[in-house]
Protein chains: 2
Amino acid sequence: MRAGVSTVGQDELGLETRLMLRAAQLYYRLHLTQDQVGERLGVSRFKVGRLLDRALRESAVRIEIVHPDIRLVELEDGLCSRFRLRSAVVVDVPPTASPADQEVLARERVAGAAAAQLTAMRPTGAIGVSWGRTMLEVAAHLRPGWTAALEIVQLNGAMSRSARPTRAQEVVERFGLTSGASIQLMPAPAIVGTPELREALERDASVGETLAAARSAQTAVFSMGVVGTESVHLASGFIGEADLAALAEAGAVGDVLGRFLSLDGRIALPSLDRRTIGLPLEELAAKALNVGVAAGPGRGPIALAALRAGCINVMVTDEETATWVIDHA
Amino acid sequence: MRAGVSTVGQDELGLETRLMLRAAQLYYRLHLTQDQVGERLGVSRFKVGRLLDRALRESAVRIEIVHPDIRLVELEDGLCSRFRLRSAVVVDVPPTASPADQEVLARERVAGAAAAQLTAMRPTGAIGVSWGRTMLEVAAHLRPGWTAALEIVQLNGAMSRSARPTRAQEVVERFGLTSGASIQLMPAPAIVGTPELREALERDASVGETLAAARSAQTAVFSMGVVGTESVHLASGFIGEADLAALAEAGAVGDVLGRFLSLDGRIALPSLDRRTIGLPLEELAAKALNVGVAAGPGRGPIALAALRAGCINVMVTDEETATWVIDHA
DNA sequence: CAAGCTGCTGCTCATATGATCAAGACTATG
DNA sequence: CATAGTCTTGATCATATGAGCAGCAGCTTG
């Protein structure tokens, strides 16, 4: 090797750096092999490798992902690592004219992604599901044969006496019809008037057996609701204005399976929770696969609360919600 | 492969693109192997390779060299490809307070680079050299043992009668002393009064033998001079004000070996050229290795002219000159 | 000047990557 | 409903790259 001559060191100009840039140019821009670069530069391919290594370490060469959607992947990674999730899906929701449209579109997009994610995951055995507008949309996106699961079981009470029914049954039915699984409903309201009644109902075979099935299911799919005048629980008549005021007072930010949480991930109003029929959150959190779906403006707080409660290990949501969660975690 | 299920096509979101970004993220940011990426994403490593390929082709991933000196390498490449050079060296010259300082610093930097380049190239046999301020500086930067060449020969006339001598002998001597090569001077002025005298001198053994040696040398090292009041030929008394005016009239932009060129690379003033003693440019251009050195503000035009004349195959210059040449080529 | 030390070089070998190919899946069309 | 064509997929093999190591040069220090 004649490299020895360079040891005379006539190098005020950073000859080594020059060599590095030249190597980077030939390798990254012209796509030569390290061998070819070495030949052109008169150095061994090992040296070329080391030069490129240095270029990368010293950030003389920057590799960046410039696709506009990369931020979604970054949000997904952020959610996964911060909350130890198995996976996360964050979808882009194009802006719409009105906030109402935005909410509808977000729900539609997120639900589609949730359905795709569920399909890809191929859950088996029994699958517990909640209800609500988002879950209804998820159900609508499921395609026949999406899972080989044997049973679909409702995770919480849903039977409504109101003029605007919950359509909870449709959710379960659609999950079942598209998969050939049997279905099991929870024939009870989401929330009743007293803890004693809740206990009595849960002890009764009608509700109790479904609850037992919900308990033993290895998979759960559920959405998150907001607290406030647009709450589905209010519309369905499960809670009244007084409850709403108490929830607001207690700092509730939304609900999971009808159980309202405050931002720290704890039950906001234990007295109300004791009147709520369905799987308790600790038991939900214990499942192997927990797909939580949050779609639409204002879902950030309840999403964060649910994540903190540890009852989600697969998150599906929109960019706005994910951003809020990451920013406030 | 369960990939079949994805063919149901619940993909308004560009699922494939999402996968691509995820792969790019894991591969380029987290530095996993394609195998590992494939495992995490549930696809084969071949698919990962194809995804990354696509990401690169579609510019979803951009690899850029961000080091501040990369522009110098780009200029070098530009010079090499535009003028079919063997190599080019473009050096950075930090700004100074005054233009005069700038010229001195540029000469110093470029000369250092030229000396380093020469050293790295290890020319053998005979080496022809020109003279001038830049060449003197190059000579000063040579370190003992820089070449195993046998002879250093002066390429053009240099003997001056003026108060300010050319110091051309110092250039040759320094080249010789640092290498152990013998030296051969050209004992004649650069330019004489008549073509006849030039011919007579070149026929004489004193000049003729040196000229023959200059002709047979396989390597040449020379600098480029500007035309104008600061011309070294004027200062040395080789040309007078009248010649200068004629050169300006003829569109001369500078000289190589005392031969003045116009921007198109041709002899600007043939009548003057016939009075110039030394190697003709066609013979210079025929050599295997021609190191041309241009340093300092205002050298762009003569550098371009010399390149167009085809008498350079290794260019050493500063950023300003290189930029000018590229922009005007 | 000797001796130890540091840092750099190129080597060997394991691994990662890319090119090419054959088979299968889906589409479009008769 | 068949069938040809196109696209995608994973396998094989050659090549490119990276990890770890031993040798050597130059520097420092006694």
In deg cm²/dmol and to the nearest 500, what is the mean residue ellipticity at 222 nm of chain A if only DSSP H runs of at least 4 residues count, each as -39500 (n - 2.57), divided by the residue total?
-13500 deg cm²/dmol
Roughly how many whole Å is it from the C-alpha centroid of the stretch A:55-72 to that of the stretch A:169-216?
50 Å
Between beta-carbons, use under 13 Å as the cut-off and find the net charge around B:Glu39, counting Lys and Arg +1, Asp and Glu -1.
+3
When chain A is turned about an axis onto chain B, which of its residues keeps its C-beta closest to that axis, and how many Å is it?
A:Ile63, 2
Along Cα→Cβ, 7 Å out, is where each label goes; now give me the distance between the ones at B:Arg54 and A:His31 in nm to one decimal.
1.7 nm
Distances from B:Gly208 to the same residue in each other copy, label points 7 Å out along Cα→Cβ, in nm, shortest first?
12.8
Where the label is 7 Å out from Cα toward Cβ, how close does A:Gln36 come to the same position in every other copy, in nm, shortest first?
2.9
Considering protein heavy atoms only and a 1.4 Å probe radius, which residues within the stretch A:38-66 exhibit an accessible-area decrease of no less than 30 Å² in the full assembly relative to the chain by itself?
A:Ala60, A:Arg62, A:Ile63, A:Glu64, A:Ile65, A:Val66
Could you work out how far the C-alpha centroid of the stretch B:274-298 sits from that of the stretch A:28-46, in angstrom?
32 Å
Working from the pairwise distances between different alpha carbons, so that the mean of 1/r is found and then inverted, what is the stretch B:211-329's Kirkwood radius in Å?
14.3 Å
Give me the distance in nm between label points sitting 7 Å out from Cα along the Cα-to-Cβ direction at A:Leu150 and A:Arg122, one decimal.
1.8 nm
Surface accessible to a 1.4 Å probe, per residue, for the residues of chain B, Å²:
43 Å²
A versus B: buried accessible surface, summed, Å² (probe 1.4 Å, to nearest 100):
4100 Å²
With charges only on Cβ, +1 for K and R and -1 for D and E, what is the dipole size of chain A about its Cα centre, in debye, rounded to 20?
1080 debye
Provide Rg and Dmax in Å for chain A, with only Cα atoms included in the calculation.
27.3, 93
For the protein assembly as shown, the accessible surface attributable to carbon and sulfur atoms (probe 1.4 angstrom, ligands and nucleic acids excluded) amounts in percent to 52 percent
Separation between Cα centres of the stretch A:78-112 and the stretch B:310-329, rounded to whole Å:
55 Å
Provide the net charge surrounding A:Leu269, with neighbours chosen by a C-beta distance below 9 Å and charges set as Lys +1, Arg +1, Asp -1, Glu -1.
-3
Suppose you put the label 7 Å out from Cα in the Cβ direction; list, shortest first and in nm with one decimal, how far A:Thr124 is from each other copy's label.
7.3
For the pair A:Thr194/A:Arg82, report the inter-label distance in nm, with labels modelled 7 Å from Cα in the Cβ direction.
4.4 nm
Kirkwood Rh, Cα Rg: Rg to Rh for the protein assembly as shown?
1.30
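The values are calculated or read from the model by the stated rules, or taken from the named source; none is laboratory data. None of the values given here were measured: they were computed from a predicted structure. All Cβ positions, even for glycine, are placed from backbone atoms using ideal geometry, and neighbour counts span all protein chains on display. Areas reflect the complete protein model, heavy atoms only, side chains present, ligands, DNA and RNA absent. Shrake-Rupley method; radii C 1.70, N 1.55, O 1.52, S 1.80 Å.
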